[in-house]
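Only one structure is covered here, and it is reproduced in the block below.
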Ligand SMILES: CC(=O)N[C@@H](CC(=O)O)C(=O)NC[C@H](CC1(C(=O)N[C@@H](Cc2ccc(O)cc2)C(=O)O)CCCC1)C(=O)O
Ligand SMILES: [Zn+2]
């Protein structure tokens, strides 16, 4: 049957009213589960998930009856096309139930993961194992923590990941996509996405190779030639992070000018008796200083801002939640009083600000212009929040100014978070896309994962790995079925946004000095972008903010230019080899 455009509008209104209720109930049930992992809560979450899927199926199949090509109204067309992708709800009921149970099992295996000493207590990831990975300088202890976590969680996912892939691809096919990777990429509405990503990575490669060579030299000085090959990959357990995705915790080992160490902001926060609430207040104050919306009172009542001490099992991995209901937005985070957690809170509050800004939009448009936009907002604010000017102004630093050497030390700290992240944030979905499209078969999952880790990150596993292991499963987003390429793109977008907002707010001088705190002009530009949600194609939104409609590496390169010059000079002086021509992972020196 041909349905008219007016009937489509009525259909969409009906969807609007019912969707809020169904989505809210699903979010409540999910929240109750991840903040109190029990069997009954799991059952309830699965029930509400089934209800949501039935609802999506009902409206999705009816949305497909409209022949939108004849429609005039672009908004109606965009809404109906979003409705037509019903994701996993397209699966037959029994397979959908199996799939939902698989997803819950994988995510819970990660959240409950722990490593037990031969005798005595077991330790969890947040924050025991992460603390060891960040602070231990004993190679054997680091290997214990790394292997313990990867074996404990990865091996649980190994036997079922193939089934997860099969059901994911079946759902994608039922939505008209080649495979689930195809469906994940579709959200970026770009025919040239994969080529653009590879080009962007190539542009950033010199920056990464110089940092990699410099850090390898520092680790060589500390761990010696038995562990580090100056022409080879770096063992993945020595970078201060369980996944070697952020190297900021080994800044002390790599500091360019060790005689001028940066002030320890975590120590200052603890000295000033900071509590988690104050950390969230601090982030909220930043957003309101831009003229943006303050977090509503419900947030403080309903959020989980610290790891519970009543024995409840919770999912500690931080997240920001939209309950699609009168001002109910929450954050779940096992907050520790550290500078890393403060910046991570800025990230989460970026999500909350987006939720707040687009809450009056149709539910179909309550998302970021694309998922990378959703990620980039909090990151832009944290770029200003990590600036010397801001931290000094907020009493978190006492040194009035930075001399050129302290400035290089500062930029190294930011680079260990941002530049180290470039290859990791790219390869996670490169791996999963190839698993979904069948390029990577399940008998070689782990060796293909390490091939990508070697090729793009220049890393090796600390010990030989086999196909009994499933090391990608030891990463939250793989166990929780959350796409990752959004983080690679948000790495670039955050610097494009930062550059545009700094310019608009009248900043002059180096980009890494910029702090947009208190700039109503910057806030106004941001607000106009956030309010749009996903109602307009993201290149149009990007152009509104930055004047350009393409993702570009230029702003990131501008930000790090002074550091790159220093790194190149340092590496030339040391006669470093860029890259890892000795590409084999040597495990000698292992007794
Ligand atoms: C209901 C729901 O799921 N909501 C979504 C938001 C939404 O989509 O609406 C959400 O809250 N996702 C959680 C996730 C949490 C974090 C994360 O996982 N980060 C990545 C990548 C990264 C790494 C370094 C870095 O500096 C910044 C990011 C990682 O740690 O690997 C952990 C702390 C930081 C961000 C997030 O906020 O993105
Ligand atoms: Zn995020």
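The requirement of being farther than 22 Å from residue 488 by Cβ, more than 16 Å from ligand 2 (Cβ to nearest atom) and either over 23 Å from the mean Cα position of the chain (by Cα) or surrounded by fewer than 19 Cβ atoms within 10 Å (Cβ to Cβ) (or both) is not satisfied by residue 434.
Just one of the listed residues (118, 190, 136) is touching a helix residue (DSSP H, G or I) at 6+ places or on another chain (Cβ under 6 Å) and free of Cβ contacts under 8 Å to residues at least 60 places away in the same chain, namely 136.
As a summary of the residue check, residue 135 satisfies the conditions (1) surrounded by 17 or more Cβ atoms within 10 Å (Cβ to Cβ); (2) within 23 Å of the chain's Cα centre (by Cα) except for the one numbered (1). Evaluate the range 446-453: report whether one residue or more is away from ligand 2 (no atom under 16 Å from the Cβ), closer than 18 Å to residue 238 by Cα and touching a strand residue (DSSP E or B) at 6+ places or on another chain (Cβ under 7 Å). Checking the range 446-453: at least one residue is away from ligand 2 (no atom under 16 Å from the Cβ), closer than 18 Å to residue 238 by Cα and touching a strand residue (DSSP E or B) at 6+ places or on another chain (Cβ under 7 Å). Just one of the listed residues (103, 125) is buried (at least 18 other Cβ atoms within 10 Å of the Cβ) and over 30 Å from residue 62 (Cβ atoms), namely 125.
Filtering 544, 550, 520 for residues that are more than 16 Å from ligand 2 (Cβ to nearest atom), more than 21 Å from residue 387 (Cα to Cα), over 24 Å from the mean Cα position of the chain (by Cα) and modelled with pLDDT of 95 or more leaves a single hit, 544. Looking only at residues of the range 332-363 that are over 15 Å from residue 382 (Cβ atoms) and within 9 Å of ligand 1 (Cβ to nearest atom), we find that the one that is surrounded by the most Cβ atoms within 10 Å (Cβ to Cβ) is 355. Of the helices (runs of 4 or more DSSP H) lying entirely inside the range 517-591, those containing at least 2 residues that are surrounded by fewer than 17 Cβ atoms within 10 Å (Cβ to Cβ) and in contact with a helix residue (DSSP H, G or I) (Cβ under 8 Å, 6 or more places away or on another chain) are 520-530, 554-574. Taking helices (runs of 4 or more DSSP H) as the structural unit, those lying wholly within the range 381-449 and holding at least 1 residues that are under 29 Å from residue 480 (Cβ atoms) correspond to 404-418, 421-436.
The residues on offer are 383, 416, and the sole one that is within 18 Å of the chain's Cα centre (by Cα) and either within 16 Å of ligand 2 (Cβ to nearest atom) or surrounded by fewer than 15 Cβ atoms within 10 Å (Cβ to Cβ) (or both) is 383.
Screening residue 506 against (1) in contact (Cβ under 8 Å) with a residue 12 or more places away in the chain; (2) within 24 Å of the chain's Cα centre (by Cα); (3) not in a helix (DSSP H, G or I) leaves a single unmet condition, (2).
Taking every residue in the range 210-229 that is free of Cβ contacts under 8 Å to residues at least 12 places away in the same chain and pairing it with any residue that is part of a loop (DSSP other than H, G, I, E, B) and surrounded by 15 or more Cβ atoms within 10 Å (Cβ to Cβ), at least 6 positions away or on another chain, the pairs with Cβ-Cβ distances below 7 Å are 220/228; 220/230.
Among residues of the range 336-357 that are more than 15 Å from ligand 2 (Cβ to nearest atom), those with a beta-carbon under 8 Å from a residue that is modelled with pLDDT under 95 at least six positions away or on a different chain give the pairs 336/127.
When restricted to residues that are over 19 Å from residue 358 (Cβ atoms), without any contact (Cβ under 8 Å) to a residue 40 or more places away in the chain and within 16 Å of ligand 2 (Cβ to nearest atom), the range 279-332 contains 2.
The values are calculated or read from the model by the stated rules, or taken from the named source; none is laboratory data. Computed from a predicted structure; not experimentally measured. Every residue, glycine among them, receives a Cβ derived from its backbone with ideal geometry; neighbour counts consider all protein chains shown.
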